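Written below as C-alpha coordinates is the structure these notes are about.
The values are calculated or read from the model by the stated rules, or taken from the named source; none is laboratory data. Just so we're clear, the structure is a prediction, and the values are computed from it rather than from any experiment. When we count neighbours, we look across all protein chains shown, and the Cβ atoms used for this are built from the backbone with ideal geometry, even at glycine. These area figures cover heavy atoms from the full protein model, side chains too; ligands, DNA and RNA do not enter into them. Shrake-Rupley method; radii C 1.70, N 1.55, O 1.52, S 1.80 Å.
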Amino acid sequence: MPPPGPPLPVTDALTEPFWAGAREGKLVIQRCRGCGLYIHLPRPACRRCQSFDLGHEAVSGRGTVYSFTEIHRAFHPVFVDRLPYLVAVIELDEQPGLRLVSNLVRIAEPDVRFGMPVQVEFEQLIPELTIPVFTRVAP
Amino acid sequence: MNGRRVAIVGVGYSQVGRHSGLSERHHAAQAGLAALDDAGLTVADVDGVTTWGGDAIDFADTLGISPVNWHLNVGVSPAFITPAVHAAMAVATGHSEVCMAWRIMMQQPSGAELSAGSAALRSPDMSDAQFLYPFGDFSPTQWAGLLMNRYLHESDCTEEHFAEFAVAQREYAVRNDNALQREPLTAEAYLAAPYISKPLRLLDCDYPCDSGSAVIFTTEERARDLRQPAVLVEASALAAIHNMTFETLPDMVRTAPVHCAEVLWSRTDLTPADVDCAQLYDGFSVITFQWLEALGFCDPGAAGPFIAAGGTRLTGAMPTNTDGGACNVGRRHGANFCIEATRQLRGQCGDRQVGGAEVAVWANAVGPFAGAMLLTKA
(Lines give C-alpha, C1' and ligand atoms only; values in the text may rest on other atoms or scores of the structure.)
Protein backbone atom coordinates (compact mmCIF):
# COMPACT_ATOMS: atom_id res chain seq x y z
CA MET A 1 0.00 0.00 0.00
CA PRO A 2 1.46 3.42 -0.86
CA PRO A 3 1.98 5.82 2.03
CA PRO A 4 -1.03 8.05 2.54
CA GLY A 5 -0.98 11.46 0.87
CA PRO A 6 -2.12 14.74 2.34
CA PRO A 7 -5.82 15.56 2.21
CA LEU A 8 -6.42 17.14 -1.17
CA PRO A 9 -8.68 20.10 -1.85
CA VAL A 10 -11.69 19.27 -3.97
CA THR A 11 -11.83 22.50 -5.92
CA ASP A 12 -14.44 24.29 -7.95
CA ALA A 13 -14.55 27.66 -9.71
CA LEU A 14 -14.75 29.49 -6.39
CA THR A 15 -11.87 27.73 -4.66
CA GLU A 16 -9.44 26.78 -7.47
CA PRO A 17 -7.88 30.29 -7.71
CA PHE A 18 -6.64 30.01 -4.09
CA TRP A 19 -4.83 26.73 -4.80
CA ALA A 20 -3.63 27.68 -8.27
CA GLY A 21 -2.23 30.88 -6.75
CA ALA A 22 -0.43 28.93 -4.03
CA ARG A 23 1.25 26.75 -6.68
CA GLU A 24 2.54 29.98 -8.27
CA GLY A 25 3.69 31.43 -4.94
CA LYS A 26 0.83 33.89 -4.55
CA LEU A 27 -1.79 34.24 -1.85
CA VAL A 28 -5.05 34.72 -3.76
CA ILE A 29 -8.28 35.67 -1.98
CA GLN A 30 -11.80 36.06 -3.33
CA ARG A 31 -12.96 39.68 -3.65
CA CYS A 32 -16.28 41.33 -4.49
CA ARG A 33 -16.07 43.44 -7.65
CA GLY A 34 -19.09 45.39 -6.46
CA CYS A 35 -18.02 46.67 -3.05
CA GLY A 36 -14.41 45.49 -2.72
CA LEU A 37 -14.98 43.17 0.24
CA TYR A 38 -12.47 40.34 0.54
CA ILE A 39 -14.25 37.04 1.21
CA HIS A 40 -12.74 33.94 2.81
CA LEU A 41 -13.90 31.19 2.83
CA PRO A 42 -15.06 31.60 -0.79
CA ARG A 43 -18.78 32.08 -1.30
CA PRO A 44 -21.06 32.50 -4.34
CA ALA A 45 -22.37 35.88 -3.13
CA CYS A 46 -21.02 38.89 -1.23
CA ARG A 47 -22.34 39.08 2.32
CA ARG A 48 -21.97 42.88 2.40
CA CYS A 49 -23.59 43.98 -0.88
CA GLN A 50 -25.14 40.66 -2.02
CA SER A 51 -23.45 40.91 -5.41
CA PHE A 52 -22.69 37.77 -7.41
CA ASP A 53 -19.95 39.61 -9.33
CA LEU A 54 -16.93 38.18 -7.55
CA GLY A 55 -13.33 37.73 -8.58
CA HIS A 56 -10.00 36.80 -7.01
CA GLU A 57 -6.96 38.94 -6.25
CA ALA A 58 -3.45 38.38 -4.98
CA VAL A 59 -2.96 39.97 -1.56
CA SER A 60 0.17 41.12 0.25
CA GLY A 61 0.59 37.96 2.30
CA ARG A 62 1.17 40.07 5.40
CA GLY A 63 -0.92 39.60 8.50
CA THR A 64 -1.00 39.02 12.23
CA VAL A 65 -1.66 36.02 14.46
CA TYR A 66 -5.23 36.08 15.82
CA SER A 67 -5.00 32.71 17.58
CA PHE A 68 -2.87 29.57 17.50
CA THR A 69 -2.72 26.08 18.94
CA GLU A 70 0.06 23.53 19.11
CA ILE A 71 -1.26 20.19 17.87
CA HIS A 72 -0.15 17.21 19.93
CA ARG A 73 -2.42 14.54 18.50
CA ALA A 74 -2.79 13.73 14.81
CA PHE A 75 -6.17 13.01 13.28
CA HIS A 76 -4.73 11.93 9.92
CA PRO A 77 -1.76 9.64 9.13
CA VAL A 78 0.19 12.29 7.21
CA PHE A 79 0.47 14.53 10.23
CA VAL A 80 1.78 11.93 12.69
CA ASP A 81 5.41 12.65 11.85
CA ARG A 82 4.87 16.40 12.04
CA LEU A 83 3.74 16.48 15.68
CA PRO A 84 3.79 18.85 17.34
CA TYR A 85 2.85 21.45 14.73
CA LEU A 86 1.24 24.86 14.91
CA VAL A 87 -2.19 25.64 13.49
CA ALA A 88 -2.92 29.36 13.48
CA VAL A 89 -5.63 31.78 12.45
CA ILE A 90 -4.03 34.62 10.52
CA GLU A 91 -5.75 37.98 10.09
CA LEU A 92 -4.63 39.45 6.78
CA ASP A 93 -3.62 43.10 6.66
CA GLU A 94 -5.99 43.86 3.77
CA GLN A 95 -9.16 43.96 5.86
CA PRO A 96 -10.14 43.75 9.55
CA GLY A 97 -11.52 40.29 10.29
CA LEU A 98 -10.21 38.72 7.07
CA ARG A 99 -8.90 35.47 8.51
CA LEU A 100 -7.56 32.19 7.23
CA VAL A 101 -6.32 28.99 8.79
CA SER A 102 -2.70 28.13 8.19
CA ASN A 103 0.44 26.82 9.85
CA LEU A 104 3.17 28.79 11.59
CA VAL A 105 6.62 27.53 10.56
CA ARG A 106 10.18 27.99 11.80
CA ILE A 107 9.01 29.20 15.20
CA ALA A 108 8.54 27.40 18.51
CA GLU A 109 5.19 27.63 20.30
CA PRO A 110 6.49 29.59 23.33
CA ASP A 111 7.79 32.28 20.97
CA VAL A 112 4.44 32.89 19.25
CA ARG A 113 2.58 36.04 20.32
CA PHE A 114 -0.99 37.14 19.71
CA GLY A 115 -0.91 39.95 17.17
CA MET A 116 2.56 38.98 15.99
CA PRO A 117 3.26 40.17 12.40
CA VAL A 118 3.69 37.30 9.97
CA GLN A 119 4.39 36.88 6.27
CA VAL A 120 3.24 34.16 3.90
CA GLU A 121 5.55 31.63 2.31
CA PHE A 122 4.74 28.51 0.39
CA GLU A 123 5.32 24.84 1.13
CA GLN A 124 4.94 22.21 -1.56
CA LEU A 125 3.57 19.08 0.12
CA ILE A 126 3.32 17.08 -3.11
CA PRO A 127 3.53 18.34 -6.69
CA GLU A 128 -0.24 18.82 -6.85
CA LEU A 129 -0.53 20.62 -3.52
CA THR A 130 1.25 23.71 -2.28
CA ILE A 131 -0.03 25.37 0.88
CA PRO A 132 0.45 28.94 2.11
CA VAL A 133 2.12 28.93 5.53
CA PHE A 134 3.26 31.84 7.66
CA THR A 135 6.47 32.83 9.36
CA ARG A 136 7.38 35.59 11.78
CA VAL A 137 8.38 38.89 10.24
CA ALA A 138 11.89 39.75 11.41
CA PRO A 139 11.54 42.54 13.98
CA MET B 1 -42.75 30.83 24.43
CA ASN B 2 -45.99 31.98 22.80
CA GLY B 3 -48.92 29.60 22.48
CA ARG B 4 -49.78 26.82 24.91
CA ARG B 5 -47.55 26.51 27.98
CA VAL B 6 -45.22 23.57 27.59
CA ALA B 7 -43.91 21.17 30.23
CA ILE B 8 -41.21 18.52 30.39
CA VAL B 9 -42.81 15.40 31.83
CA GLY B 10 -40.43 12.55 31.11
CA VAL B 11 -36.68 12.07 30.76
CA GLY B 12 -34.59 8.98 30.13
CA TYR B 13 -31.33 7.47 28.96
CA SER B 14 -30.29 4.33 27.15
CA GLN B 15 -27.51 2.05 28.40
CA VAL B 16 -24.85 4.71 27.89
CA GLY B 17 -21.31 3.42 27.57
CA ARG B 18 -18.16 3.13 25.56
CA HIS B 19 -18.51 0.95 22.45
CA SER B 20 -21.91 -0.25 23.69
CA GLY B 21 -22.45 -2.61 20.77
CA LEU B 22 -26.00 -1.27 20.47
CA SER B 23 -27.36 0.45 17.36
CA GLU B 24 -28.74 3.98 17.17
CA ARG B 25 -32.20 2.42 16.94
CA HIS B 26 -31.56 0.37 20.08
CA HIS B 27 -30.40 3.41 22.05
CA ALA B 28 -33.44 5.37 20.85
CA ALA B 29 -35.83 2.61 21.90
CA GLN B 30 -34.25 2.26 25.33
CA ALA B 31 -34.13 6.00 26.00
CA GLY B 32 -37.66 6.54 24.68
CA LEU B 33 -39.12 3.81 26.89
CA ALA B 34 -37.20 5.11 29.90
CA ALA B 35 -38.66 8.59 29.36
CA LEU B 36 -42.18 7.21 28.92
CA ASP B 37 -41.86 5.18 32.12
CA ASP B 38 -40.56 8.25 33.93
CA ALA B 39 -43.62 10.21 32.78
CA GLY B 40 -46.20 7.50 33.30
CA LEU B 41 -47.12 7.61 29.62
CA THR B 42 -47.24 4.90 26.96
CA VAL B 43 -46.34 4.84 23.30
CA ALA B 44 -50.02 5.38 22.52
CA ASP B 45 -49.80 8.88 24.02
CA VAL B 46 -46.97 10.10 21.78
CA ASP B 47 -47.86 11.87 18.52
CA GLY B 48 -44.70 13.87 17.79
CA VAL B 49 -41.03 12.93 17.42
CA THR B 50 -37.82 14.87 16.82
CA THR B 51 -34.20 13.78 16.84
CA TRP B 52 -30.65 14.64 16.14
CA GLY B 53 -29.00 11.36 15.27
CA GLY B 54 -30.88 8.73 13.28
CA ASP B 55 -34.42 9.11 11.99
CA ALA B 56 -37.30 10.12 14.26
CA ILE B 57 -39.90 8.36 12.11
CA ASP B 58 -37.88 5.16 12.21
CA PHE B 59 -37.50 5.42 15.99
CA ALA B 60 -41.25 6.00 16.35
CA ASP B 61 -41.97 3.00 14.15
CA THR B 62 -39.55 0.86 16.16
CA LEU B 63 -41.55 1.59 19.32
CA GLY B 64 -44.96 1.34 17.63
CA ILE B 65 -45.66 5.06 17.88
CA SER B 66 -48.21 5.57 15.08
CA PRO B 67 -49.61 7.69 13.64
CA VAL B 68 -47.16 10.57 14.05
CA ASN B 69 -48.47 14.12 13.57
CA TRP B 70 -45.17 16.00 13.88
CA HIS B 71 -41.67 14.82 13.02
CA LEU B 72 -38.28 16.37 12.45
CA ASN B 73 -34.71 15.16 11.96
CA VAL B 74 -32.29 17.99 12.60
CA GLY B 75 -28.88 18.24 10.94
CA VAL B 76 -25.79 19.94 12.30
CA SER B 77 -27.11 22.22 15.01
CA PRO B 78 -26.36 23.31 18.55
CA ALA B 79 -26.63 19.84 20.10
CA PHE B 80 -29.80 18.60 21.83
CA ILE B 81 -31.33 22.05 22.18
CA THR B 82 -32.51 21.95 18.57
CA PRO B 83 -34.70 18.82 18.66
CA ALA B 84 -35.81 19.95 22.14
CA VAL B 85 -36.90 23.45 21.08
CA HIS B 86 -38.70 22.08 18.04
CA ALA B 87 -40.53 19.50 20.15
CA ALA B 88 -41.55 22.23 22.59
CA MET B 89 -42.72 24.47 19.72
CA ALA B 90 -44.73 21.62 18.24
CA VAL B 91 -46.60 21.32 21.54
CA ALA B 92 -46.93 25.10 21.99
CA THR B 93 -48.48 25.50 18.54
CA GLY B 94 -50.77 22.47 18.75
CA HIS B 95 -48.94 20.42 16.14
CA SER B 96 -48.34 17.76 18.76
CA GLU B 97 -49.87 16.87 22.13
CA VAL B 98 -47.00 14.73 23.40
CA CYS B 99 -43.66 15.09 21.62
CA MET B 100 -40.52 13.02 22.20
CA ALA B 101 -37.13 14.62 21.50
CA TRP B 102 -34.06 12.41 21.09
CA ARG B 103 -30.31 12.88 20.88
CA ILE B 104 -28.61 9.68 19.79
CA MET B 105 -24.83 9.99 19.70
CA MET B 106 -22.55 7.16 18.63
CA GLN B 107 -18.90 7.10 19.63
CA GLN B 108 -16.62 8.61 16.98
CA PRO B 109 -13.35 7.04 15.78
CA SER B 110 -10.51 7.68 18.21
CA GLY B 111 -7.48 9.83 17.48
CA ALA B 112 -5.41 6.61 17.44
CA GLU B 113 -7.63 5.04 14.77
CA LEU B 114 -7.60 8.23 12.71
CA SER B 115 -3.85 8.74 12.86
CA ALA B 116 -3.27 5.06 11.99
CA GLY B 117 -5.47 5.48 8.93
CA SER B 118 -7.81 2.66 10.02
CA ALA B 119 -10.67 5.16 10.25
CA ALA B 120 -11.38 8.48 8.59
CA LEU B 121 -13.25 11.55 9.72
CA ARG B 122 -16.52 11.89 7.93
CA SER B 123 -16.25 14.76 5.52
CA PRO B 124 -19.41 15.07 3.50
CA ASP B 125 -18.40 18.40 1.97
CA MET B 126 -14.87 19.55 1.21
CA SER B 127 -15.96 22.97 -0.04
CA ASP B 128 -14.94 24.58 3.26
CA ALA B 129 -12.86 21.74 4.72
CA GLN B 130 -10.34 22.15 1.88
CA PHE B 131 -9.20 25.31 3.66
CA LEU B 132 -8.65 23.41 6.92
CA TYR B 133 -7.54 19.80 6.28
CA PRO B 134 -4.36 20.47 4.26
CA PHE B 135 -3.09 22.46 7.27
CA GLY B 136 -3.66 19.57 9.64
CA ASP B 137 -6.83 21.12 11.06
CA PHE B 138 -9.34 18.25 11.20
CA SER B 139 -10.81 17.89 14.61
CA PRO B 140 -13.10 19.94 16.84
CA THR B 141 -10.33 19.70 19.44
CA GLN B 142 -8.33 21.99 17.18
CA TRP B 143 -10.83 24.83 16.87
CA ALA B 144 -11.38 24.38 20.59
CA GLY B 145 -7.64 24.86 21.15
CA LEU B 146 -7.80 28.07 19.12
CA LEU B 147 -10.83 29.36 21.05
CA MET B 148 -9.33 28.42 24.41
CA ASN B 149 -5.98 30.04 23.65
CA ARG B 150 -7.61 33.30 22.53
CA TYR B 151 -9.87 33.17 25.61
CA LEU B 152 -6.84 32.78 27.89
CA HIS B 153 -5.23 35.73 26.09
CA GLU B 154 -8.19 38.10 26.51
CA SER B 155 -9.58 37.07 29.89
CA ASP B 156 -8.40 36.84 33.50
CA CYS B 157 -8.34 33.07 33.15
CA THR B 158 -5.36 30.75 33.56
CA GLU B 159 -4.76 27.07 32.88
CA GLU B 160 -5.03 26.53 36.65
CA HIS B 161 -8.60 27.84 36.49
CA PHE B 162 -9.38 25.16 33.91
CA ALA B 163 -7.92 22.63 36.32
CA GLU B 164 -10.25 23.92 39.05
CA PHE B 165 -13.18 23.56 36.65
CA ALA B 166 -12.31 19.93 35.93
CA VAL B 167 -12.01 19.21 39.65
CA ALA B 168 -15.37 20.86 40.43
CA GLN B 169 -17.08 18.89 37.67
CA ARG B 170 -15.64 15.64 38.93
CA GLU B 171 -16.84 16.39 42.46
CA TYR B 172 -20.38 16.37 41.10
CA ALA B 173 -19.72 13.21 39.08
CA VAL B 174 -18.62 11.41 42.22
CA ARG B 175 -22.18 12.05 43.49
CA ASN B 176 -23.85 10.82 40.29
CA ASP B 177 -24.46 7.09 39.83
CA ASN B 178 -24.94 7.68 36.10
CA ALA B 179 -21.50 9.22 35.55
CA LEU B 180 -18.92 7.17 33.65
CA GLN B 181 -15.95 8.83 35.36
CA ARG B 182 -16.33 8.92 39.14
CA GLU B 183 -12.81 8.75 40.56
CA PRO B 184 -11.91 11.94 42.43
CA LEU B 185 -9.68 14.22 40.36
CA THR B 186 -6.94 16.61 41.48
CA ALA B 187 -5.78 19.77 39.77
CA GLU B 188 -2.36 18.14 39.48
CA ALA B 189 -3.86 15.21 37.56
CA TYR B 190 -5.62 17.61 35.20
CA LEU B 191 -2.40 19.51 34.55
CA ALA B 192 -0.50 16.25 34.04
CA ALA B 193 -2.92 15.06 31.35
CA PRO B 194 -1.58 15.40 27.82
CA TYR B 195 -2.26 18.35 25.60
CA ILE B 196 -4.39 17.57 22.56
CA SER B 197 -4.29 21.06 21.02
CA LYS B 198 -2.36 23.22 23.47
CA PRO B 199 -3.69 24.75 25.70
CA LEU B 200 -6.57 22.23 25.40
CA ARG B 201 -5.88 19.10 27.43
CA LEU B 202 -7.46 15.67 27.37
CA LEU B 203 -9.61 16.46 30.40
CA ASP B 204 -11.06 19.55 28.70
CA CYS B 205 -12.85 17.23 26.27
CA ASP B 206 -16.11 15.41 26.73
CA TYR B 207 -15.83 11.68 27.23
CA PRO B 208 -16.57 9.67 24.07
CA CYS B 209 -19.32 7.06 24.35
CA ASP B 210 -22.52 5.77 22.76
CA SER B 211 -25.55 7.47 24.25
CA GLY B 212 -29.27 7.77 23.79
CA SER B 213 -31.24 10.48 25.57
CA ALA B 214 -34.95 11.25 25.36
CA VAL B 215 -37.14 14.03 26.76
CA ILE B 216 -40.93 14.22 26.52
CA PHE B 217 -42.73 17.54 26.10
CA THR B 218 -46.47 18.08 26.52
CA THR B 219 -48.87 20.81 27.63
CA GLU B 220 -48.88 22.19 31.15
CA GLU B 221 -52.50 21.06 31.43
CA ARG B 222 -51.69 17.47 30.51
CA ALA B 223 -48.62 17.50 32.76
CA ARG B 224 -50.74 18.03 35.86
CA ASP B 225 -52.08 14.48 35.69
CA LEU B 226 -48.77 12.72 35.12
CA ARG B 227 -46.34 10.89 37.38
CA GLN B 228 -43.69 13.56 37.92
CA PRO B 229 -43.79 17.13 39.22
CA ALA B 230 -44.09 19.18 36.05
CA VAL B 231 -41.22 21.35 34.86
CA LEU B 232 -42.26 24.28 32.66
CA VAL B 233 -40.52 25.79 29.66
CA GLU B 234 -40.29 29.48 30.59
CA ALA B 235 -38.32 30.63 27.54
CA SER B 236 -35.97 29.36 24.88
CA ALA B 237 -33.69 30.74 22.19
CA LEU B 238 -31.72 29.49 19.21
CA ALA B 239 -29.05 31.71 17.71
CA ALA B 240 -26.43 31.63 14.95
CA ILE B 241 -23.90 34.28 13.99
CA HIS B 242 -21.55 32.59 11.52
CA ASN B 243 -21.04 29.61 9.23
CA MET B 244 -19.78 26.35 10.71
CA THR B 245 -16.07 27.16 10.33
CA PHE B 246 -15.26 28.05 13.93
CA GLU B 247 -11.74 29.05 12.87
CA THR B 248 -12.97 32.14 11.02
CA LEU B 249 -15.27 33.46 13.74
CA PRO B 250 -14.90 37.25 13.95
CA ASP B 251 -14.48 37.01 17.73
CA MET B 252 -13.53 33.73 19.44
CA VAL B 253 -14.30 35.00 22.96
CA ARG B 254 -17.72 36.60 22.52
CA THR B 255 -19.45 33.99 20.35
CA ALA B 256 -23.05 32.90 19.72
CA PRO B 257 -23.89 32.36 23.41
CA VAL B 258 -23.67 36.16 23.94
CA HIS B 259 -26.42 36.86 21.42
CA CYS B 260 -28.38 33.77 22.42
CA ALA B 261 -28.41 34.81 26.08
CA GLU B 262 -29.63 38.31 25.16
CA VAL B 263 -32.51 36.77 23.22
CA LEU B 264 -33.31 34.36 26.03
CA TRP B 265 -33.47 37.07 28.71
CA SER B 266 -35.58 39.28 26.39
CA ARG B 267 -38.24 36.56 26.37
CA THR B 268 -38.80 36.31 30.11
CA ASP B 269 -39.38 38.49 33.15
CA LEU B 270 -36.88 36.37 35.05
CA THR B 271 -33.28 37.53 35.38
CA PRO B 272 -29.94 35.80 35.97
CA ALA B 273 -30.41 36.46 39.70
CA ASP B 274 -33.50 34.20 39.69
CA VAL B 275 -31.60 31.14 38.42
CA ASP B 276 -30.81 28.44 40.98
CA CYS B 277 -28.66 26.16 38.85
CA ALA B 278 -27.07 26.22 35.41
CA GLN B 279 -26.36 23.31 33.09
CA LEU B 280 -23.94 24.66 30.50
CA TYR B 281 -22.49 22.69 27.64
CA ASP B 282 -18.97 21.39 28.16
CA GLY B 283 -18.08 19.50 24.99
CA PHE B 284 -14.90 21.47 25.63
CA SER B 285 -14.58 23.17 28.99
CA VAL B 286 -14.04 26.66 27.53
CA ILE B 287 -17.64 26.49 26.31
CA THR B 288 -18.96 26.50 29.88
CA PHE B 289 -16.71 29.47 30.65
CA GLN B 290 -18.23 31.40 27.75
CA TRP B 291 -21.78 30.56 28.84
CA LEU B 292 -21.21 31.60 32.47
CA GLU B 293 -20.21 35.03 31.17
CA ALA B 294 -22.82 35.24 28.40
CA LEU B 295 -25.72 34.44 30.73
CA GLY B 296 -24.54 37.05 33.22
CA PHE B 297 -23.55 34.72 36.06
CA CYS B 298 -20.17 36.43 36.25
CA ASP B 299 -18.51 39.38 34.54
CA PRO B 300 -17.07 39.03 31.03
CA GLY B 301 -13.64 37.44 31.27
CA ALA B 302 -14.15 36.49 34.91
CA ALA B 303 -15.35 32.87 34.62
CA GLY B 304 -11.94 31.50 35.60
CA PRO B 305 -11.69 33.35 38.92
CA PHE B 306 -15.42 32.70 39.50
CA ILE B 307 -14.88 28.95 39.15
CA ALA B 308 -11.67 28.95 41.19
CA ALA B 309 -13.52 30.72 44.01
CA GLY B 310 -16.06 27.86 44.07
CA GLY B 311 -18.78 29.71 42.18
CA THR B 312 -19.95 26.63 40.27
CA ARG B 313 -19.87 24.24 43.22
CA LEU B 314 -22.99 23.12 45.10
CA THR B 315 -22.40 25.80 47.73
CA GLY B 316 -21.38 28.44 45.19
CA ALA B 317 -23.24 31.37 43.68
CA MET B 318 -24.30 29.32 40.65
CA PRO B 319 -24.17 25.52 40.95
CA THR B 320 -23.22 24.46 37.43
CA ASN B 321 -23.18 21.17 35.56
CA THR B 322 -24.38 19.34 38.62
CA ASP B 323 -24.45 15.92 36.92
CA GLY B 324 -20.69 16.22 36.41
CA GLY B 325 -20.92 17.40 32.82
CA ALA B 326 -20.20 15.53 29.62
CA CYS B 327 -16.53 15.30 30.60
CA ASN B 328 -17.75 12.79 33.18
CA VAL B 329 -21.21 11.48 32.25
CA GLY B 330 -20.09 10.96 28.66
CA ARG B 331 -20.94 12.65 25.41
CA ARG B 332 -24.73 13.00 25.52
CA HIS B 333 -24.45 16.18 23.52
CA GLY B 334 -26.34 18.55 25.74
CA ALA B 335 -29.28 16.26 26.46
CA ASN B 336 -27.77 15.47 29.84
CA PHE B 337 -28.09 19.13 30.76
CA CYS B 338 -31.80 19.24 29.92
CA ILE B 339 -32.33 16.07 31.92
CA GLU B 340 -30.25 17.25 34.87
CA ALA B 341 -32.03 20.63 34.94
CA THR B 342 -35.37 18.81 34.96
CA ARG B 343 -34.31 16.47 37.77
CA GLN B 344 -32.96 19.38 39.83
CA LEU B 345 -36.31 21.19 39.56
CA ARG B 346 -38.10 17.99 40.57
CA GLY B 347 -35.78 17.67 43.58
CA GLN B 348 -34.52 14.23 42.54
CA CYS B 349 -30.76 14.77 42.60
CA GLY B 350 -29.87 13.27 45.97
CA ASP B 351 -26.39 14.23 47.20
CA ARG B 352 -25.98 16.82 44.48
CA GLN B 353 -29.42 18.44 44.86
CA VAL B 354 -29.46 22.23 44.77
CA GLY B 355 -31.65 23.15 47.75
CA GLY B 356 -34.95 24.79 46.81
CA ALA B 357 -34.20 24.85 43.08
CA GLU B 358 -37.07 26.58 41.26
CA VAL B 359 -35.40 28.00 38.14
CA ALA B 360 -32.79 26.29 35.97
CA VAL B 361 -31.16 27.17 32.69
CA TRP B 362 -29.58 24.73 30.27
CA ALA B 363 -27.56 25.80 27.27
CA ASN B 364 -25.79 24.13 24.37
CA ALA B 365 -23.01 24.84 21.88
CA VAL B 366 -20.67 27.75 21.25
CA GLY B 367 -19.02 29.65 18.42
CA PRO B 368 -21.22 29.93 15.33
CA PHE B 369 -24.39 28.72 16.99
CA ALA B 370 -26.02 28.30 20.37
CA GLY B 371 -29.28 27.48 22.10
CA ALA B 372 -30.64 27.85 25.61
CA MET B 373 -33.80 27.02 27.54
CA LEU B 374 -35.02 28.39 30.84
CA LEU B 375 -37.06 25.98 32.98
CA THR B 376 -39.14 26.57 36.09
CA LYS B 377 -40.70 24.37 38.73
CA ALA B 378 -44.48 24.31 38.21
Among the residues of the stretch B:54-99, the number that are assigned to a loop (DSSP other than H, G, I, E, B) and of a type in the set (Phe, Trp, Tyr) is 1
Taking A:Ala45 and the conditions (1) in contact with a Pro (Cβ under 7 Å, 6 or more places away or on another chain); (2) assigned to a loop (DSSP other than H, G, I, E, B), which numbered condition does it fall short on, given that it satisfies the others? (1)
Considering every residue within the stretch B:12-24, establish whether at least one is under 21 Å from B:Trp362 (Cα atoms), modelled with pLDDT of 95 or more and open to solvent by less than 10 Å² (accessible area, probe 1.4 Å). yes
Any hit, the stretch B:223-245, residues being open to solvent by 20 Å² or more (accessible area, probe 1.4 Å), part of a helix (DSSP H, G or I), touching a Pro at 6+ places or on another chain (Cβ under 9 Å) and within 14 Å of chain A (Cβ to nearest Cβ): no
Based on this model, can you work out whether A:Arg106 counts as open to solvent by 60 Å² or more (accessible area, probe 1.4 Å) and either of a type in the set (Lys, Arg) or part of a loop (DSSP other than H, G, I, E, B) (or both)? yes
If A:Gly25 passes every condition in (1) part of a loop (DSSP other than H, G, I, E, B); (2) closer than 22 Å to B:Phe246 by Cβ but one, which one does it miss? (2)
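Residue-wise test of (1) crowded, with 16+ Cβ neighbours inside 10 Å; (2) more than 21 Å from the chain's Cα centre (by Cα); (3) facing chain A (nearest Cβ under 9 Å).
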residue: B:Val85; (1), (2), (3): yes, no, no
residue: B:Val98; (1), (2), (3): yes, yes, no
residue: B:Ile104; (1), (2), (3): yes, no, no
residue: B:Ala129; (1), (2), (3): yes, yes, yes
Only one residue in B:Gly334, B:Gly296 is open to solvent by less than 10 Å² (accessible area, probe 1.4 Å) and out of contact with any Leu (no Cβ under 9 Å at 6 or more places or on another chain), so which one is that? B:Gly334
So which residues in the stretch B:143-160 are within 7 Å of another protein chain (Cβ to nearest Cβ) and either in contact with a Gly (Cβ under 6 Å, 6 or more places away or on another chain) or in contact (Cβ under 8 Å) with a residue 60 or more places away in the chain (or both), if there are any at all? B:Leu146, B:Arg150
Tally time: how many residues in the stretch B:307-319 are in contact with a helix residue (DSSP H, G or I) (Cβ under 7 Å, 6 or more places away or on another chain) and either among the β-branched types (Val, Ile, Thr) or buried (at least 24 other Cβ atoms within 10 Å of the Cβ) (or both)? 2
Sole miss for A:His72 among (1) free of Cβ contacts under 8 Å to residues at least 12 places away in the same chain; (2) within 30 Å of B:Gly117 (Cβ to Cβ) is condition (1)
Only one residue in A:Phe68, A:Phe75 is buried (at least 18 other Cβ atoms within 10 Å of the Cβ), part of a strand (DSSP E or B) and facing chain B (nearest Cβ under 9 Å), so which one is that? A:Phe68
Could you tell me whether any residue of the stretch A:13-32 is without any contact (Cβ under 8 Å) to a residue 60 or more places away in the chain, farther than 21 Å from B:Ala129 by Cα and over 15 Å from the mean Cα position of the chain (by Cα)? yes
Look through the stretch B:106-127, keep the residues that are open to solvent by less than 40 Å² (accessible area, probe 1.4 Å) and in contact with a helix residue (DSSP H, G or I) (Cβ under 7 Å, 6 or more places away or on another chain), and return whichever of them is farthest from the other protein chains (Cβ to nearest Cβ). B:Ala119
Across (1) open to solvent by less than 10 Å² (accessible area, probe 1.4 Å); (2) over 22 Å from B:Val361 (Cα atoms), B:Ala192 clears everything bar (1)
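Does B:Val49 fit the bill of being buried (at least 20 other Cβ atoms within 10 Å of the Cβ) and touching an Asp or Glu at 6+ places or on another chain (Cβ under 8 Å)? Steps first, please.
Details: buried (at least 20 other Cβ atoms within 10 Å of the Cβ): yes; touching an Asp or Glu at 6+ places or on another chain (Cβ under 8 Å): no.
Against the criterion (buried (at least 20 other Cβ atoms within 10 Å of the Cβ) and touching an Asp or Glu at 6+ places or on another chain (Cβ under 8 Å)), B:Val49 does not qualify.
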The lone exception for A:Val101 - which of (1) modelled with pLDDT of 95 or more; (2) more than 7 Å from chain B (Cβ to nearest Cβ); (3) surrounded by 14 or more Cβ atoms within 10 Å (Cβ to Cβ) it fails: (2)
Unmet requirement for A:Leu92, which otherwise passes all of (1) within 11 Å of another protein chain (Cβ to nearest Cβ); (2) buried (at least 21 other Cβ atoms within 10 Å of the Cβ); (3) over 30 Å from B:Ser118 (Cβ atoms): (1)
